[in-house]
């Protein structure tokens with residue numbers, strides 16, 4: 001893949017994520033009460049907390065980085081990532097996308113159980129009055 005293709009792929013991925021953010025933003029503006037139920041997570045933040053508040057030493061797109069993240073997911077979800085990979089075409093999700101989804105799921109479980117925490121304790125709100133909070137699993141360190 002030449003550098004221009006790589007930039008185009010990243011730009012397309014960023015554009016797709018921005019569309020999803022816009023959709024959620026629109027939904028929250030239309031139904032403000034949902035803001036009490038919708039939480040923002042970031043997979044790499046989730047992996048950091050999941051790894052007992054230690055950065056994973058390798059970049060997620062490297063072979064070692066993938067294996068580090070895969071080990072965390074497999075430890076918690078057994079063969080589930082293999083099952084997802086078997087039914088979701090690569091054209092719809094990369095292996096890293098699947099691991100990121102499991103990281104978000106891990107944190108969603110913690111939110112449901114009441115064992116998640118905001119990364120930064122703040123009641124800041126954006127210009128539309130929506131909460132600006134990032135959540136992660138509260139690890140017992």
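Bear in mind these aren't lab numbers, they're just calculated from the coordinates by the rules spelled out. Predicted model, so just to flag it, every value in this text is computed and none were measured. No Cβ is skipped: glycine too gets one built from the backbone with ideal geometry, and neighbour counts run over all protein chains shown.
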By per-residue mean of other Cβ atoms within 10 Å, what is the highest-first order of 42-50, 84-92? 42-50, 84-92
Kindly identify segment 24-117 as rounded, prolate or oblate by the Cα gyration tensor criterion: order the square roots of the eigenvalues as a ≥ b ≥ c, call it rounded if a/c is under 1.5, otherwise compare a/b with b/c, prolate if a/b is larger, else oblate. prolate
Considering the Cα trace of segment 70-130, what is its radius of gyration and what is Dmax, both in angstroms? 15.4, 43
Can you tell me the relative contact order of segment 39-137? Whole percent, Cα pairs under 8 Å, sequence separation 6 or more. 34
